[in-house]
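*Asks:* Quick one: the structure is below, and I'll ask about it shortly.
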2 protein chains.
Amino acid sequence: MAKKEKVPGKVKIIPLGGLEQIGMNITVFEDDDSIIIVDCGLSFPDDEMLGVDIVIPNINYLKKNKDKIKGMVITHGHEDHIGAIPYVLKEINIPIYATKLTMGLIDSKLEEHGLLGKVKRKVISYGQTINLGTFKVEFIRTNHSIADAAAFAIYTRQGIIIHTGDFKVDYTPVYGEPIDLQRLGELGKKGVLALLMDSTNAIKPGFTMSESTIGKVFDNIFNENRKSRIIIATFASNVDRVQQIINMAAKYGRKLAVDGRSMVKTVEVAMKLGYLSVPDNTLIDIEEMKNYSDEQMVLITTGSQGESSAALARMAASLHRKVVINPGDVVVFSSTPIPGNEKSVSNVINELAMKGAKVIFQDTHVSGHACQEELKLIYTLVKPKYAIPVHGEFRHLIAHKEVAVSMGIPKDNVYIINSGDVVEFDEGEAKLSGSVEAGAVYVDGLGVGDVGNVVLRDRQQLSEGGMMVIIMVFDEVTKELVAMPEIISRGFIYTKEAGMIIDECTNITMECIEKFDNDSRREKNRIKNLVKENIGQYLWKNLKRSPLIIPVIIEAGV
Amino acid sequence: MAKKEKVPGKVKIIPLGGLEQIGMNITVFEDDDSIIIVDCGLSFPDDEMLGVDIVIPNINYLKKNKDKIKGMVITHGHEDHIGAIPYVLKEINIPIYATKLTMGLIDSKLEEHGLLGKVKRKVISYGQTINLGTFKVEFIRTNHSIADAAAFAIYTRQGIIIHTGDFKVDYTPVYGEPIDLQRLGELGKKGVLALLMDSTNAIKPGFTMSESTIGKVFDNIFNENRKSRIIIATFASNVDRVQQIINMAAKYGRKLAVDGRSMVKTVEVAMKLGYLSVPDNTLIDIEEMKNYSDEQMVLITTGSQGESSAALARMAASLHRKVVINPGDVVVFSSTPIPGNEKSVSNVINELAMKGAKVIFQDTHVSGHACQEELKLIYTLVKPKYAIPVHGEFRHLIAHKEVAVSMGIPKDNVYIINSGDVVEFDEGEAKLSGSVEAGAVYVDGLGVGDVGNVVLRDRQQLSEGGMMVIIMVFDEVTKELVAMPEIISRGFIYTKEAGMIIDECTNITMECIEKFDNDSRREKNRIKNLVKENIGQYLWKNLKRSPLIIPVIIEAGV
């Protein structure tokens, strides 16, 4: 706990992503002299962000304060914690600190964006503490659905602040050791000012099962389906899951192929860095699959979320160039649908089943996130003065708050904060202290930030009702109409049904134009508004539809 | 079972909806002389059916055979079993047979569509058998998440065929009696040719809990939140759920208000017909809520699926005119998200929680559909020769098939059929026998069937990339360009970013036009194709985007 007599400088915690856009994890720790950044994730678009590819954090606050920034520390190698790093580095060059596997995955991203070699990067081991300006950051071992996950003890002028990152408590992890509960207890004994902890599973009672329990599930599946080809879809980043599949391939004498760009990449990085151990003569190239019979093969693939462009969906839709699903194939979804993906996952399951595959999708996954009893364990060890639930939707943060309060944290010492909110610690006391610019920036194709709410609103209307463009051509001098109004529609109504509607819209347009004499036709906006209004009313009355109506006036000079 | 010596005429079973569009439940039973129809449901659009409001079955097969149709029997009053009735009746006048509550809900639909009084309708009681041409249909009591659900024993020339409709086995239902297992056993003893049974929960092991267990859940919630206003969202059609809320309101001395159009309608119909018993002075109008304190109120509302236009979502978004969510309110989701709705449900939960409401959404619902052990019970009683799993996605039907096979139905006697497939019974033996026209018809606004795949594909492209219209005006005689090409875009890119892009597209258009001399400009399609291609390439190369590009050539005569 902060020693009040020293009157140290203030310390601020500012999430730049977070609640407003789940997954975009990036948190600023700041004092008068230094800034450090914890994680730098991207998020995937919600349904209403039509056409948006990814969502990255607004870092204008960092750009304004770039001279104070000492470094970026990364908890683990998932997209929602590392995905925005290349975008941020293109704006501000910041040294990166992470554990080995995490850095391997970051490197692979930097390489893709042509940034490798242009950025200072340092691999840190568990237990190591680094100095970043006026902050010190200690890397503490945790467990998660990817190896090498770390929590941070951040030593600040106000006291120790712990950030867990994403974590679970796994007493029997597949790779490495259980979370360093001893060190968390030791720090708790010293006094911890604040604890920022993962809330993803805070609505779930009990304990998350160990990753190693899935090994037994796979063993049963391999044992019961000895004659079939086995295809397993899982998260590309879940290296431990992949290891367990490799173990089964070895045990049952099958060859293993890997498919899906992100899966191939992760397996490469993990093998190179020693996080995957693959027996000789087990891994084969997907091209070699044809040389083996079904019972000799297991294929690991991406697409466990039903993503339409991933390998599994392409197999299901017969669009995959190398893998054809046959009756008798066993397809395992070793995953749970992320909220919002349930329908697309079902669709892929149905398509696979229609091709005769036996699809296994229940009890084949464990979460990487701590449930309520694990949160209580950490509170018992760390005993922070303040709790700041992080990582999760608002309902998860609220559930986390209830857990914290049940563990004796005073209600007023639990801070649920949104992107840009500033929690300021002064003389060991926290308060909310205004907010800074933060939030989401949409990436569409190569464009960063050039698609915003106006564009999305138009896309929404276009998606629901299509559009109708009404083109009027006037003589630029006399303002006479020099062609019949031309009406173009798309996404509105079948062409064969459209004839009468279009004719009527043409008539309405003519009537509108005739209300203006040639002289007043200079007021193009008045004409356009009248056309838009009258056609809009006609379509709503007759069809109960609202396409985007766009009147255009062109002045032609001959 | 059919007696072979009689050589009776063939009997066909043809689903007109089903697999292709889950929810659109409508099944044709046909012999040489008669047709009867079981259920007539609508379905809600999938994500890719942009702008479509509802989906109804293609009934061209019925129109072609309308003289054979003897009537329509309805299992229960849910939208996916009655929703398309008005649309079908507008095309073919068919007598309707249903139990009392089911008919009440159908009537309310017919009234809305101005059809009441124009159609023959007959209320049938459990145990009653009706003659429909060469078929007889016996109504058998079942349980479901709405009262008055029926299974049908259909007496055909080939033998008895049982259709369960949606059902569960509830030994302690809130309203009425448990499913008539005795009669099912008796029929089984006589010999049942085929069983069409609900597959919705066929992937779930065990038994579905009784509806009455939810009463205890509500009792706890009311008991623990005596000082708070309680708002409960559930399916409008779940009359038994509503009854249990009414019971709690009475027990805890609260007034009850009802909100949401469909909820108000269902409560009205159910009260009128005696399916809801409401103690005096319990029900109040929503307008009177203001006269009561929080602890005196309970409000039942629609919107448990997160539907943006339903009452609950409007409360959450502060758009509701009569109900303002305050800190301390308790909001209960007595429902499970239907696949595809998970994200919108979460969003509403989050918004409510942000307003300070305590939101309860776990363990507050039981399903209305039978799980695996219940299916086994019915197979044990009915012992059909053939099994036809119905109601569910393909993966559910496959799981149902496994259950059937585990109960001794030969694998080849289980038929998984799609919309339009014909299962033909001849001399007591089944076979697949071709298919008839069937499938989905989209309703968008007032238009039925005027939105199809071309329109939806355009809406998809518009939704992802917006559009760009390029307007070129030529002199109709000389084919000279008489105005600068005009470029209009929507949903594509921020206006402020668009300037340079639009300028470049104008240049590209000019270059394309100049490749054609005035004479060859008569070939408008060649010019348009060239413009579309070149601008498409430019946008993809520079922005990695593909808006819908629509070149337009207008010929003006001055």
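*Asks:* For B:THR129 and B:ASP32, what is the calculated FRET efficiency with R₀ set at 22 Å and r taken between the beta-carbons, to the nearest 0.05?
*Replies:* It comes to 0.50.
*Asks:* Using only helices, what value at 222 nm comes out for the protein assembly as shown when you add -39,500 (n - 2.57) per DSSP H run of length 4 or more and divide by the total residues, to the nearest 500 deg cm²/dmol?
*Replies:* Per the formula, -9500 deg cm²/dmol.
*Asks:* About the Cα centre of the protein assembly as shown, how large is the charge dipole given +1 on each Lys and Arg Cβ and -1 on each Asp and Glu Cβ? Please answer in debye to the nearest 20.
*Replies:* In total the dipole reaches around 2040 debye.
*Asks:* If you don't mind, another one. Label-to-label distances across copies for A:LYS322, with labels 7 Å out along Cα→Cβ, in nm, shortest first?
*Replies:* Ordered by increasing distance: 6.2 nm.
*Asks:* Here's another thing I want to ask about it. Would you kindly state how much longer the chain becomes between A:ILE338 and A:ASP46 on full extension, computed as 0.36 nm times their sequence separation minus their alpha carbon distance, in nm to one decimal?
*Replies:* Length gained between A:ILE338 and A:ASP46: 103.9 nm.
*Asks:* Can you work out the Karplus-derived ³J(HN,Hα) for every residue in region B:428-435? Use 6.51 cos²θ - 1.76 cosθ + 1.60 with θ = phi - 60°, whole Hz, and x for glycine or proline.
*Replies:* Residue by residue, region B:428-435 yields x, 10, 9, 7, 6, 9, x, 8 Hz.
*Asks:* Still on this structure, please answer the following. Go ahead and collect, in residue order, the members of region A:441-481 whose backbone nitrogen is under 15 Å from a label point 7 Å along the Cα-Cβ direction of A:SER546.
*Replies:* In region A:441-481, the label zone of A:SER546 (backbone N under 15 Å from the point 7 Å along Cα→Cβ) covers A:457-468.
*Asks:* Please tell me which of these pairs span more than 30 angstrom C-alpha to C-alpha: A:LYS544/B:LYS290; A:LYS64/A:LYS431; B:LYS272/B:LYS358; A:LYS479/A:LYS532?
*Replies:* A:LYS544/B:LYS290; B:LYS272/B:LYS358
*Asks:* Now a separate question. For A:ARG121, list long-range residues whose amide hydrogen, built 1.01 Å from N in the peptide plane, is under 5 Å from its own amide hydrogen.
*Replies:* A:ILE96
*Asks:* Can you list residues from other chains, or at least 5 along the same chain, whose modelled amide H is less than 5 Å from the amide H of B:ASP166?
*Replies:* Residues meeting the criterion, in which the H sits 1.01 Å from N, do not exist here.
*Asks:* If each of A:GLN362 and A:GLU288 carries a label point 7 Å out from its Cα toward its Cβ, how far apart are those two points in nm?
*Replies:* Distance between the two pseudo-spin positions: 3.8 nm.
*Asks:* Place +1 on the Cβ of every Lys and Arg and -1 on the Cβ of every Asp and Glu in region A:177-264, take the dipole about the Cα centre, and give the residue among A:LEU184, A:GLN243, A:VAL258 whose Cα lies farthest towards its positive end.
*Replies:* Final value for the positive-end residue is A:VAL258.
*Asks:* Using only the alpha carbons of region A:84-136, determine the length spanned along each of the three principal axes and report them from longest to shortest in whole angstroms.
*Replies:* Per principal axis, max minus min of the Cα coordinates gives 31, 24, 18 Å.
*Asks:* Could you work out the relative contact order of region B:47-140? I mean the mean sequence separation of Cα pairs under 8 Å and 6+ apart, divided by the number of residues, in percent.
*Replies:* 23
*Asks:* In nm, one decimal, shortest first: how far is the label point of A:VAL448 (7 Å from Cα along Cα to beta carbon) from the matching points in the other copies?
*Replies:* 5.3
*Asks:* Treat each spin label as a single point 7 Å out from the Cα along the C-beta direction, and report the B:GLU429 to B:MET484 distance in nm.
*Replies:* Distance between label points: 7.9 nm.
*Asks:* So, one more: Relative contact order for chain B: what percent, with Cα pairs under 8 Å and sequence separation of 6 or more?
*Replies:* Relative contact order of chain B: 16 percent.
*Asks:* Given Cβ point charges of +1 (Lys, Arg) and -1 (Asp, Glu) and nothing else, what value in debye, to the nearest 20, does the dipole of region B:335-468 about its Cα centre take?
*Replies:* It comes to approximately 500 debye.
*Asks:* Tell me, A:THR75, B:THR336, B:THR172 in order of fewest to most beta-carbon neighbours within 10 Å?
*Replies:* Fewest-to-most ranking of A:THR75, B:THR336, B:THR172: B:THR172, B:THR336, A:THR75.
*Asks:* Then there's this: Once Lys and Arg get +1 and Asp and Glu get -1 on their Cβ, which of A:GLY434, A:GLY445, A:ILE470 lies farthest toward the positive end of the dipole of region A:424-502?
*Replies:* Positive-most Cα among the choices belongs to A:ILE470.
*Asks:* Hey, another quick one. Give the aspartates and glutamates reachable from A:LYS216 as a straight Cα distance under 19 Å; neighbours fewer than 8 places away on the same chain don't count.
*Replies:* Partners within reach: A:ASP170, A:GLU224, A:ASP240, A:ASP363.
*Asks:* In debye, nearest 20: dipole of region B:285-354 around its Cα centre with unit charges on the Cβ of K, R (+) and D, E (-)?
*Replies:* For this selection, approximately 240 debye.
Computed from the coordinates by the stated procedures, all read-outs in this text should not be read as laboratory data. Here the structure is a predicted model, which means the values were calculated and not measured. Note: ideal-geometry Cβ built from the backbone for every residue, glycine included; neighbour counts use all protein chains shown.
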